[in-house]
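Engineer: Below is the structure I would like to discuss, written out as C-alpha cells.
The values are calculated or read from the model by the stated rules, or taken from the named source; none is laboratory data. Computed from a predicted structure; not experimentally measured. For neighbour counting, all protein chains shown are included, and Cβ atoms are generated from backbone atoms with ideal geometry for every residue, glycine included.
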Amino acid sequence: MKINPEQLSNHLKRGLAPVYFVYGEELLLVEESCRAIREAAHAAGFQERQVLTVESGFDWNGLFNSLQSMSLFSERRVVELRLPTGKPGEAGAKILVEIAAQPPADIVFVVSSGKLEKQTRESKWAKALESAGVVIAVYPLEAAQWPMWIRGRMELKGLKPGPGVVDLLAHLMEGNLLACAQEIDKLVMLIGQGEVRLDDIEGNLSDNARYNVFALADASLRGEPVAVERILNSLRGEGVEPILVLWALAREARELAQMAALVAAGQPVMRVLEARRVWAKRKPLMTAALKRLSLEASQDLLRRAARTDRILKGRGSGDVWQELQCLALCMSGLKPSTCNI
C-alpha cells in the first residue's frame, strides 16, 4: 500500500503495519513520518528501538539474523534502517526481499531514504517492501500547497496566524521546508502561543540574510537599480553565499516568465496575479515588473539565471557576483553594457 504523509496519521490510528518504507527529497517530512511511526509503535508496546545506517561494508547478514532473533530486553521493537544513497546493492536488495517475504511478528521494520529514481522505486526490493507493508512517498510541496502546510504547522504549535502571515511566510520560505519549520519554531520561542502578526515575522527576519536577499529581489522587481547595487554590495560584503542570492532572484525570474507568457497570450495582468496566488502586498511589485519587462526580457532573465548557476557550479567561466549583478539589474529594467549572455 502506498500513502502520502498527510494520510499517515489516520493509517496509524487503525493499527501498525509490519514494514514501512519512507522516501523522498523533503527530508524534514521523511524524518517526521518516521517519528510518527516510532511514536505509534511505542504507544502500541514496541519499547525498544534500533537504528542502523547503511554504509560501505554494512553487514546485511547481521541485519537479517538480528531481525530473526528475539530481543533480550523487550519482545517488541522498532528497527530503523537508513539508506542514505537509496541503493542497498545486490546483497542488500536480496536481504530486503527476504525480510519483506516474512517480516518478524515482534518487529516494526522502517526503511528510510532520500529521493529515489524511478528505476529504484520499481526495483524488486522496493516492490517487496511495498507488498509487505506501507510505502510513504514524500514529494516537494507545490506552491499552492504551502499556505495550507504553514497554517497547519503553526496551529499544531499553538500559533494563530493573523492576516497576511501565512502568505508572507509562504513567499519568504517557498522551496525550503526546513527553513520554514525553523522559523515557526523560532516564533514559538519568541511569542509562545497565540496570535502571530505580520510585525512579529518582519521583526524576526529583519536582521536575517534571507530577508536581505528578498529585499534585493523586491528592489529588482520595483525597478530600482541604485537600491539593487547597494543591497547587492552589502550582501557580498557580509559574506552571504552567492547561491542564496541566486535562489531569490531565480525564483522571481521563473515566476515573471510564467506570468509574462500568460499576459502575452492576452490574459489581464490582475487575473494572472490572482491565478498565480500572488500575495496582496506583492501585487504592485509584480505588476510593475510585468509592465516593464516583455516576454522576451523575462525569458532572458531565465537564461541569465541558468548561466549564473553554471558558473556557480564550476561548469562555466565568469565572475558569479558580476553575473548576479547583471541578473538583478536586468530585472530592474537596466541592462549595463557589460552584461551579455
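Engineer: Scan the helices (runs of 4 or more DSSP H) fully inside region 184-246 and keep the ones with 1 or more residues being over 19 Å from R151 (Cβ atoms), at pLDDT below 85 and of a type in the set (A, V, I, L, M, F, W, C).
Structural biologist: Details: elements: 198-205, 209-222, 225-237.
Passing ranges, in order: 209-222.
Engineer: Could you tell me which residue of region 135-147 is surrounded by the most Cβ atoms within 10 Å (Cβ to Cβ), considering only residues that are under 18 Å from G86 (Cβ atoms) and out of contact with any Asp or Glu (no Cβ under 8 Å at 6 or more places or on another chain)?
Structural biologist: First pass over region 135-147, keeping only residues under 18 Å from G86 (Cβ atoms): 135-140.
Imposing the further condition that a residue be out of contact with any Asp or Glu (no Cβ under 8 Å at 6 or more places or on another chain) reduces the set to 135-137.
Details: V135: 22, I136: 25, A137: 17.
Per the stated criteria, the residue is I136.
Engineer: Does N65 meet the test of being of a type in the set (S, T, N, Q) and either surrounded by 12 or more Cβ atoms within 10 Å (Cβ to Cβ) or over 15 Å from V134 (Cβ atoms) (or both)? Before you say what the answer is, go through the steps one by one.
Structural biologist: Details: of a type in the set (S, T, N, Q): yes; either surrounded by 12 or more Cβ atoms within 10 Å (Cβ to Cβ) or over 15 Å from V134 (Cβ atoms) (or both): yes.
Yes.
Engineer: State all residues of region 251-284 that are of a type in the set (D, E, K, R), assigned to a helix (DSSP H, G or I) and within 27 Å of the chain's Cα centre (by Cα); if no residue qualifies, say none.
Structural biologist: If we filter region 251-284 for residues that are of a type in the set (D, E, K, R), which is where we start, we get 251-252, 254-255, 271, 274, 276-277, 281-283.
Going one step further and asking which of them are assigned to a helix (DSSP H, G or I), we end up with 251-252, 254-255, 271, 274, 281-283.
Within region 251-284, R251, E252, R254, E255, E274, K281, R282, K283 qualify.
Engineer: In the list A100, A105, which residue meets the criterion of being surrounded by 22 or more Cβ atoms within 10 Å (Cβ to Cβ) and aliphatic (A, V, I, L, M)?
Structural biologist: Numbers: A105 fails: surrounded by 22 or more Cβ atoms within 10 Å (Cβ to Cβ).
Unique residue meeting the criteria: A100.
Engineer: Can you tell me which residue among R315, R310, R304 is out of contact with any Lys or Arg (no Cβ under 8 Å at 6 or more places or on another chain) and touching a residue at least 40 places away in the same chain (Cβ under 8 Å)? Show your work before the answer.
Structural biologist: Numbers: R315 fails: touching a residue at least 40 places away in the same chain (Cβ under 8 Å); R310 fails: touching a residue at least 40 places away in the same chain (Cβ under 8 Å).
Going through R315, R310, R304 in turn, just one is out of contact with any Lys or Arg (no Cβ under 8 Å at 6 or more places or on another chain) and touching a residue at least 40 places away in the same chain (Cβ under 8 Å): R304.
Engineer: So G266 passes all but one of these: (1) at positive phi; (2) modelled with pLDDT under 85. Which condition number does it fail?
Structural biologist: Every listed condition holds for G266 apart from (2).
Engineer: Let me ask something else about it. Please tell me if A260 is under 15 Å from S332 (Cβ atoms) and surrounded by 20 or more Cβ atoms within 10 Å (Cβ to Cβ).
Structural biologist: Numbers: under 15 Å from S332 (Cβ atoms): no; surrounded by 20 or more Cβ atoms within 10 Å (Cβ to Cβ): yes.
So A260 does not fit the description; no.
Engineer: List pairs: first in region 28-52 and on the phi > 0 side of the Ramachandran plot, second in a loop (DSSP other than H, G, I, E, B), Cβ under 8 Å, 6+ apart or cross-chain?
Structural biologist: Cβ pairs passing all conditions: G45/R76.
Engineer: Here is a follow-up. Looking at this structure, is K94 closer than 27 Å to N10 by Cβ, in contact with a Phe, Trp or Tyr (Cβ under 9 Å, 6 or more places away or on another chain) and not aliphatic (A, V, I, L, M)? Before you say what the answer is, go through the steps one by one.
Structural biologist: Values: closer than 27 Å to N10 by Cβ: no; in contact with a Phe, Trp or Tyr (Cβ under 9 Å, 6 or more places away or on another chain): yes; not aliphatic (A, V, I, L, M): yes.
So K94 does not fit the description; no.
Engineer: What is the residue count in region 151-164 for residues that are over 21 Å from E255 (Cα atoms), surrounded by 13 or more Cβ atoms within 10 Å (Cβ to Cβ) and not basic (K, R)?
Structural biologist: 4
Engineer: Something else now. Within the bounds of region 69-89, is there any residue that is surrounded by 12 or more Cβ atoms within 10 Å (Cβ to Cβ), outside the structural domain of I150 (by TED's automatic domain parsing), modelled with pLDDT under 90 and part of a helix (DSSP H, G or I)?
Structural biologist: No, that holds for no residue.
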